[in-house]
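Below is one structure; the comments refer to it alone.
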Amino acid sequence: MSDRWVLGVDIGGTNLVVAAVPYAGGEIGALRTQPTQPERGAEASVNDIESMAEEVIAEASPEGGLDDFVGVGIGCPGPLDLDQGIILSTPNLGWDGYPIRGRVGEAVGLPASLDNDANCATYGEWWQGAARGLTSVVGVTLGTGIGGGLITEGHLVRGASGSAGEIGHMTIQVDGRQCGCGNLGCLEAYASGPNIALRAREGLDAGAESILSELVAGDLDRITAATVHEALTRGDRYAGEVIRETARYLGVGIANLVNLFNPEMVVVVGGVTRADRHLFDPLRSEVRKRAFASAVNACEIVAGALPQTAGVIGAAGIFLADSSH
């Protein structure tokens, strides 16, 4: 019998990722990624996903093709209507009221499932990554936005309306910065990739000394979280301050989660984790200061083990879990 696959699709604010994920888990058979360019609209991105899926299917299963694929799991930022397969609103995409599950399933010719992208990343780390074998896990995804996922007794917690785990939109600062969701003081407004860059630029405008401006040839608008990380690796003191401050904000949010859910593991996924000990040492220290000692002692806080693929692996895994019911 030929190998069987699930197509995993991860729709992010920055990148689209499509992969062939083995039915039984294991190494990905093929993967494609490209910039999302959400301003072109949802239909343009569905067309991109269709083209990427055709390439992935041809590479993973050159003989069987689509017949070797059982379905497509889709991860997308929310809030989502999971029953109807619709994007309700997405601050980082702007595709409100769009029937994403039906359109992607129709485009690739497979039955489809839909879940929040952060749920997918968390599920991926639980199914195949850093949290494998655990029963109580909190995932935190750091990217264009901040998301999260909750797994209890081996099952995703979706909540009454499917929006459980919107960790990025917990308030950590009353009357704080404006968030893309409309609220004030959300964790995302301080520690997402674009907001790390924004805080770095604000410090430079206020006179901080740093090589950041040299790295972007004086055009501060070009500073991204990746630029801050590059400056950090070159020993830039100010970039280190920005990352430590980011770690403090994340530590406040994660301490709340540790007290609330008492998980075995908090797994942090996303490009910011490349800062490694510069991020995780102050983050863990902040959690220790703020959460109950018994809960902190029972919980590991780690970087994800699937830095590029947690989302697509989890989306595929959720398709399999949903279709087995």
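Bear in mind that the values in this text are calculations on the coordinates, not laboratory data. Computed from a predicted model, the values in this text were never measured in an experiment. Using ideal geometry, Cβ is built from the backbone for each residue, glycine included, and neighbour counts are taken over all protein chains shown.
Distance between the pseudo-spin-label points of Asp322 and Glu50 (7 Å out from Cα toward the beta carbon): 2.1 nm. Looking at the chain, the DSSP beta bridges with both ends there are about 55 percent antiparallel.
If you take the charge dipole of the chain about its Cα centre, with +1 on Lys and Arg Cβ and -1 on Asp and Glu Cβ, which of Leu156, Leu80, Gly41 is farthest toward its positive end? With unit charges placed on the Cβ atoms, the residue in question is Leu156. Computed on the Cα atoms alone, the convex hull of the range 1-108 gives a volume of 95 cubic angstrom per residue. Placing pseudo-labels 7 Å out from each Cα toward the beta carbon at Ala293 and Ala305 gives an inter-label distance of 3.1 nm. Within the range 132-303, all pairs of alpha-carbon atoms sorted by distance into 10 Å bins from zero give the percentages 10, 38, 34, 14, 4, 0. About its Cα centre, the chain has a charge dipole of approximately 1120 debye under the convention of +1 per Lys or Arg Cβ and -1 per Asp or Glu Cβ, with nothing else charged.
In what order do Cys76, Cys186, Cys120, Cys179 fall by count of nearby beta-carbon atoms within 10 Å, going from fewest to most?
Numbers: Cys76 26, Cys186 29, Cys120 35, Cys179 22.
Ascending Cβ contact count within 10 Å gives the list Cys179, Cys76, Cys186, Cys120.
For Asp276 and Thr135, a Förster radius of 30 Å and the Cβ-Cβ distance give a FRET efficiency of 0.65, rounded to the nearest 0.05.
Candidates Ile254, Pro22, Val272 compared by Cα position along the dipole of the chain: farthest toward the positive end lies Ile254, with charges placed on Cβ. Residue exposure proxy: Thr36, Thr152, ordered by other Cβ atoms within 10 angstrom of their Cβ from fewest to most, comes out as Thr152, Thr36. Taken about its Cα centre, the range 178-325 carries a charge dipole of about 380 debye when Lys and Arg each add +1 at the Cβ and Asp and Glu each add -1 at the Cβ. Each of Ser294, Leu184, Leu142 was placed along the dipole of the chain (beta-carbon charges, centred on the mean Cα), and the one lying farthest toward the positive end is Ser294. Annotation: the antiparallel percentage among DSSP beta bridges lying fully within the range 132-303 is about 50.
Figure the gain on full extension for Glu106 and Glu214 (residue separation times 0.36 nm, minus the Cα-Cα span) and round it to one decimal in nm.
Working: separation 108, 0.36 × 108 = 38.88 nm, distance 4.75 nm.
34.1 nm is the gain from fully extending Glu106 to Glu214.
Axis angle, to the nearest 10 degrees, between helix 237-261 and the longest C-alpha principal axis of the chain: 60 degrees.
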